[in-house]
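Here is the structure we will look at, set down as structure tokens.
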Amino acid sequence: MNSFKKYIAEFIGTLVLVFMGCGTAMLVGCDAASGCGYLLTALAFGLTIVAMAYCVGNISGCHINPAVSLGVLVSGGMSFGEFIGYIISQCLGAFAGSALLSLIFHLGEVKDMTGALGTNGLAGVNGNILAGLGVEIALTAIFVFTILGVTSKKHPHGSFGGLIIGLTLTFVHIFGIGLTGTSVNPARSFGPALMCLINGNAEPMGALWVFIVGPFVGALIAALVYKFLEGKKED
């Protein structure tokens, strides 16, 4: 039952993240001509993390991101079985958030300024897969590295942890939105892409693997580096 509550918390947290983050992107757009759209979308994602960290963080740790869960797994913070449960819950939550956005925008006849439920893409790097992977690997590594440091039991940051993590997600979005739309979260990319496919738009699925592989690789790098650095301090 305890694990089940964690899965529910991860489902809710990821639903809210996609609903608020992608929803804001859909409303304000994320093209280079409207820099304010970058900031509003980045803040929406970051502030959602802050809210959820203080809401479900004490229940599940508020990963709401498979890449973060991978980092925690590699660091020894969870079992493999729990890791799988987290990923399933996060992907279901992301899809539910996307479905809710699709329903609201359809019923309200609201124009989606992103054109595809806030999905990620490679337009900002001119379709270059290696560049897109590089962006996602680097930004996810920075994000997960920060999370592991903030949540380390050896160096507790008290009640400021959620704020620090939310601000970190904000600044990686500010840099990455113009390049890939900033994923750093496989579930956040999967949910909207799948909903687009159901709606008859298969285009976002084409590059989806980049936003799954990139964040996982970045998280793995961050976890291994942080584990090495933290371990050296014990010697």
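The values are calculated or read from the model by the stated rules, or taken from the named source; none is laboratory data. Predicted model, so just to flag it, every value in this text is computed and none were measured. In this analysis, Cβ positions are derived from the backbone assuming ideal geometry, glycine residues included, and neighbour counts consider all displayed protein chains.
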- [ ] Take the residues in region 25-43 that are surrounded by 22 or more Cβ atoms within 10 Å (Cβ to Cβ) and either out of contact with any His (no Cβ under 6 Å at 6 or more places or on another chain) or assigned to a loop (DSSP other than H, G, I, E, B) (or both), then tell me which one is modelled with the lowest pLDDT.
- [x] Cys30
Open item on the list: Can you pull out every residue in region 195-211 that is hydrophobic (A, V, I, L, M, F, W, C), assigned to a helix (DSSP H, G or I) and under 21 Å from Asn126 (Cβ atoms)?
Closed with: Met205, Val210, Phe211
- [ ] From (1) more than 19 Å from Gly71 (Cα to Cα); (2) surrounded by fewer than 20 Cβ atoms within 10 Å (Cβ to Cβ); (3) out of contact with any Ser or Thr (no Cβ under 9 Å at 6 or more places or on another chain); (4) at pLDDT 95 or above, pick out the condition that doesn't hold for Ala96.
- [x] (3)
Open item on the list: Among (1) touching an Asp or Glu at 6+ places or on another chain (Cβ under 9 Å); (2) without any contact (Cβ under 8 Å) to a residue 40 or more places away in the chain; (3) hydrophobic (A, V, I, L, M, F, W, C), there is one condition Leu130 misses while meeting the rest; what is its number?
Closed with: (1)
Open item on the list: Given the criteria surrounded by 19 or more Cβ atoms within 10 Å (Cβ to Cβ) and either among the aromatic types (Phe, Trp, Tyr) or within 17 Å of the chain's Cα centre (by Cα) (or both), does Gly118 qualify?
Closed with: yes
TODO: Could you tell me which residue of region 53-71 is surrounded by the most Cβ atoms within 10 Å (Cβ to Cβ), considering only residues that are touching a residue at least 60 places away in the same chain (Cβ under 8 Å) and assigned to a helix (DSSP H, G or I)?
DONE: Ala67
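Each row is one residue, and each column tells you yes or no for (1) surrounded by fewer than 19 Cβ atoms within 10 Å (Cβ to Cβ); (2) closer than 24 Å to Ile59 by Cα.
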{"position": "Ile164", "(1), (2)": "yes, yes"}
{"position": "Pro192", "(1), (2)": "no, no"}
{"position": "Phe211", "(1), (2)": "no, no"}
{"position": "Gly218", "(1), (2)": "no, no"}
{"position": "Ala223", "(1), (2)": "no, yes"}
TODO: State all residues of region 74-88 that are touching a residue at least 24 places away in the same chain (Cβ under 8 Å) and part of a helix (DSSP H, G or I); if no residue qualifies, say none.
DONE: Val74, Glu82, Gly85, Tyr86, Ile87, Ile88
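Run down Gly214, Gly162, Gly178 and say which single residue is in a helix (DSSP H, G or I), touching an Asp or Glu at 6+ places or on another chain (Cβ under 9 Å), at pLDDT below 95 and not hydrophobic (A, V, I, L, M, F, W, C).
Gly178
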Task: Residue that is surrounded by 19 or more Cβ atoms within 10 Å (Cβ to Cβ) and modelled with pLDDT under 95, where the choices are Thr151, Thr140, Thr168 - done: Thr151
Open item on the list: If Phe45 meets every condition in (1) over 24 Å from Ile221 (Cβ atoms); (2) touching a residue at least 40 places away in the same chain (Cβ under 8 Å) apart from one, which number is that one?
Closed with: (1)
